[in-house]
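What follows is calculated from the coordinates using simple rules that are stated; it is not laboratory data. Source: prediction; values computed, not measured. Glycine also receives a Cβ, built like all others from the backbone with ideal geometry; neighbour counts cover every protein chain displayed.
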Amino acid sequence: MAPTELEAGAPIYGPSEITEETFKETPEEYQDLVRWVVGRQLLEELSAACIFAKAAPLFYREGPEKVRYCVHLAEEEVGHCRAVARILPGIGLDYSLFAHHDRPYAQDFHGDPEFPQSWEDVLVFNWLAEESGRLFLWSMRDTSYAPYANVNRAIIAEEERHAEGGPTHLIRHIEENGDEARKKVQERVDEWFPKAIRLLGVPRSEKQQRFHHYGLKAEDTEEQLPLWLDAVLPYADQLGLTVPTSDDMRATGLVLPSHVDW
Ligand SMILES: [Fe+2]
Ligand SMILES: [Fe+2]
């Protein structure tokens, strides 16, 4: 796909160029985009915290190990919420955004009040969705709004560990519990594989182009999806799991970058 004129141009702001002081002098569109993306991230951090906090009591009867794992992840996600929340006043937001934010993207997390119900739910979310989260943070590490870049750099190491924890524990889980466990994991993967790709965003969308224009986001979904697949597919192989093909995904109406097939 040929880049548009807008995409071909260099971003108008460099990494961390905009401070809390100069934010107020930026175009209204820039301010809106920063508010949108910070609000989105806050809701996703909160979603993750809720998912792990809800999961912990499921495993009380199984001893402390799984409970501890979930509580630890919940604590770190709450820490991410706090870190993001600290920059809200500087961009003219407060917690009322929880009541008003337009959040169709969060439906995949919140749309199912029964989630999570099992260890497989926790680990597959931990693997596929957190890999999307990790790549999102990576694309925002040098974002043009300095306070937000600082937040993302501070939490990225923890997100990297989260995304690693999923497959590491899945390998052990399947080794210990065999085909019955693999079958349950496969069901979760069938559901979460497309959801996690959707979390990366629509490639070359108008919004992504505006993010590029203002130096807010380094990589588009076009660049991110191959990285996501490189991280995920080797583990799927190792675990003996199947994943939907790019043709299967396109058949469901999902927009994928034209050159990416697997
Ligand atoms: Fe997080
Ligand atoms: Fe996380």
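Between VAL260 and HIS72, the simple label model (points 7 Å from Cα in the Cβ direction) yields a spacing of 3.0 nm. Exposure proxy ranking for ILE12, ILE156, ILE87, based on other Cβ atoms within 10 angstrom of each Cβ and starting from the fewest, stands as ILE12, ILE156, ILE87.
How do ARG86, ARG61 line up, fewest other C-beta atoms within 10 Å first?
ARG61, ARG86
Mean separation of Cα pairs under 8 Å and 6 or more residues apart, divided by the residue count, gives the chain a relative contact order of 25 percent. Placing a pseudo-label 7 Å from each Cα along the Cα-to-Cβ vector at ALA251 and LEU233 gives an inter-label distance of 1.9 nm.
Sorting the segments 70-78, 18-26 by their residues' average number of neighbouring beta-carbon atoms within 10 angstrom, most packed first, yields 70-78, 18-26. Per residue of the chain, the DSSP helices (runs of n ≥ 4 H) give a summed -39500 (n - 2.57) that works out to -20500 deg cm²/dmol at 222 nm. Residues considered: GLU160, GLU29, GLU17. Largest GNM mean-square fluctuation over the chain, using C-alpha springs under 10 Å, is found at GLU29. Dipole orientation for the chain: of the candidates HIS72, TRP262, LEU170, HIS72 has the Cα lying most toward the positive pole (charges on Cβ; Lys, Arg +1; Asp, Glu -1). A Cβ-based charge dipole, computed about the Cα centre of the chain with Lys and Arg at +1 and Asp and Glu at -1, lands at about 480 debye. Ranking of LEU170, LEU200 by neighbouring Cβ atoms within 10 Å, starting from the fewest: LEU200, LEU170. In terms of distances greater than 24 angstrom between alpha carbons, the cross-link table entries LYS66/LYS217; LYS24/LYS195; LYS66/LYS183 yield LYS66/LYS217; LYS24/LYS195.
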